[in-house]
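> The following block contains the structure, expressed as structure tokens.
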Amino acid sequence: RCVVLRFLKSPPNQNKTSEEILHHLQNIVDFGKHVMKQFFGENYVHHGEIIQLPLDFVRQLCLKIQPERPESRCDKDMDTLSGYAVCLPNLTRLQTYRFVEHRPILCIEIKPKCGFIPFSSHVSQEIKHKVCRYCMHQHLKVANGKWKRPSKYCPLDLFSGNKQRMHFALKSLLQEAQNNLKIFKNGELIYGCKEDQDCVSDWNELARHLKPFFFPSNGLVSGPHCTRTIVKELIHVITMTLLSSTDACRAGDMKTVPVSQGRSYCEASAFNKELVRNGKHKLESSGLPRGCLLYKTLQAQMLDMLDIEGLYPLYSRVEQYLEEFPEERSTLQIDGPYNEAFYEKLLDLSTEDDGTVAFALTKVQQYRIAMTAKDCSIMIALSPCLQDECSEQRPVVLTSKSRFTFSVSVLDLDLKPYESIPHQYKLDGKIVNYYLKNVQAKDDPVMSSLFKENEDCTLVLHTV
């Protein structure tokens, strides 16, 4: 039936009752249905439905998939006791037109991450107003051994709406995929990084898979030129689908922070550095079309109006209140239900703190939505179509030798836990401090000429 089954996982010895599991899954479905659909639109969000499966089938399934799970994920066990799961469409397939399912399908999954620079006055370190979180975090991840090299990808380039910058961002993702890009062919992963491993981006191998899609008549010679041409075509197609609007619904029209409030480029972006090197200091920012999924994603991300530094004291205010009145937790809807009333409260965009718990809670919930949008994945499914089949109703994207019908979806839309806010606060400090100490000091021309990397320095002390 081309569906995906999603089961809850939990640490060993933390078995929840069937009722608790059902309640948790119901929250996930409701949150997608009543909240994220409002932000992203009907066509982009697939919230799924809860189903109950025979326990014997679930146990067999668990045994079958266990060897396939990455080691880093095996600290949690799949729920095999309740039989409940969420049934979702397989987003590596086309979502709009079932009848072309016999065609080969290409799917690109992108985790775009946060597409703006904090504009909040609560930010304590000036560097956060210049360099984006993703670019700073790269250095800490490399230092911790998570990745071998920093990626040249910068989310602000992708979210710029400027095709040149978007092409550069996508090319950087293809060079260093980390866990921000995966490519599937007929549902099978053909390109992307296994977690915590060195990503060797084999473009020739990728081009071999993609050639029938982009050059069906085989008129192109093989070799590096062929590979480069195919990768270029792929980047063009991804850019065009990301800028397209396939949803007529009004979602995304909610009044949020004007994008112009933050700066539209990141000083650490390799694209920006290249411009500066060539003597150009002005980055063109074309802006995103209002209907496209990137625009809607950015609008949801920008609900983080105070930055974690401005948000953390408000979280502490809510915590203090809950210590005094623990019974209020359900009234405040911290753990759901995620219904229309929950969504309505998110629409209050005032940043004037009136000292109340209600204000603090609204900002906390908006921050959780923003964090969810910063961590979502975009799935682009493409299927070749012939000229006479491409009717007006279907979104179509053209390349030099072929045409594709496509669907764009968004997934990984679980609400970020309320309890994770202290962790986010600490992590933010770590990322910024590491960057200031180890990267910016080296980038500073005065500092770097004084202390050349890897050179011994002698400190001479004179008596005074």
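The values are calculated or read from the model by the stated rules, or taken from the named source; none is laboratory data. Small disclaimer: the values here were computed from a predicted structure and weren't measured. Note: ideal-geometry Cβ built from the backbone for every residue, glycine included; neighbour counts use all protein chains shown. These accessible areas exclude ligands, DNA and RNA; they are computed on the full protein's heavy atoms, side chains included. Shrake-Rupley method; radii C 1.70, N 1.55, O 1.52, S 1.80 Å.
> Simple spin-label model, 7 Å along Cα-to-Cβ: residue 335 to residue 5 in nm?
2.7 nm
> What residues qualify as long-range amide H neighbours of residue 191, i.e. H under 5 Å apart, gap of 5 or more or another chain, H built at 1.01 Å from N?
For residue 191, whose amide H was placed from the backbone, the distant partners under 5 Å are 183.
> Starting from the Cα of residue 352, step 7 Å along the direction of its Cβ; do the same at residue 26; then give the gap between the two resulting points in nm.
Simple spin-label model gives 4.0 nm for this pair.
> About the Cα centre, and with charges only on the beta carbon of Lys, Arg (+1) and Asp, Glu (-1), how big is the dipole of the range 1-89? Nearest 20 debye, please.
Here the size comes out at about 180 debye.
> Calculate what fraction, in whole %, of the accessible area of the range 37-129 sits on carbon and sulfur atoms when a 1.4 Å probe is rolled over the protein chains. It would help to have the intermediate numbers written out before the result.
Details: 2500 of 4820 Å².
Ligands and nucleic acids excluded, carbon and sulfur give 52 percent.
> Same structure, new question: Please list 3J(HN,Hα) in residue order for the range 164-181, calculated via the Karplus relation 6.51 cos²θ - 1.76 cosθ + 1.60 where θ = phi - 60°; whole Hz, with x for glycine and proline.
4, 5, 5, 4, 4, 4, 5, 5, 5, 5, 5, 6, 9, 5, 6, 10, 9, 8
> May I ask you to list the lysines whose Cα is less than 17 Å away from that of residue 401, ignoring any residue fewer than eight positions away on the same chain?
Cross-link targets: 211, 232.
> Would you kindly find the accessible area of residue 23, with a 1.4 Å probe and non-protein molecules such as ligands, DNA and RNA excluded, rounding to the nearest 10 Å²?
120 Å²
> Give the lysines whose C-alpha is closer than 24 Å to that of residue 345, dropping any in the same chain fewer than 8 places away, or say none.
Within reach: 33, 37, 255, 296, 363, 374, 416.
> Then there's this: So what J values fall out for the range 5-16 if you push phi through Karplus, 6.51 cos²θ - 1.76 cosθ + 1.60 with θ = phi - 60°, rounded to Hz, Gly and Pro as x?
Values, residue by residue: 9, 10, 10, 6, 10, 8, x, x, 6, 10, 5, 8 Hz.
> Using the Kirkwood radius over Cα pairs, work out the Stokes-Einstein diffusion coefficient for the range 24-141 at 37 °C and 0.692 mPa s, in µm²/s as a whole number. Intermediate results must be reported in sequence, preceding the final value.
Numbers: Rh = 18.8 Å.
D = 174 µm²/s.
> Here's a follow-up. Can you work out the Karplus-derived ³J(HN,Hα) for every residue in the range 429-441? Use 6.51 cos²θ - 1.76 cosθ + 1.60 with θ = phi - 60°, whole Hz, and x for glycine or proline.
Coupling constants for the range 429-441: x, 4, 4, 5, 5, 4, 4, 4, 6, 9, 10, 5, 4 Hz.
> In addition: Using only the alpha carbons, work out the radius of gyration and Dmax of the range 283-398 in angstrom.
Expressed in Å, the Cα Rg and Dmax of the range 283-398 come to 20.0, 68.
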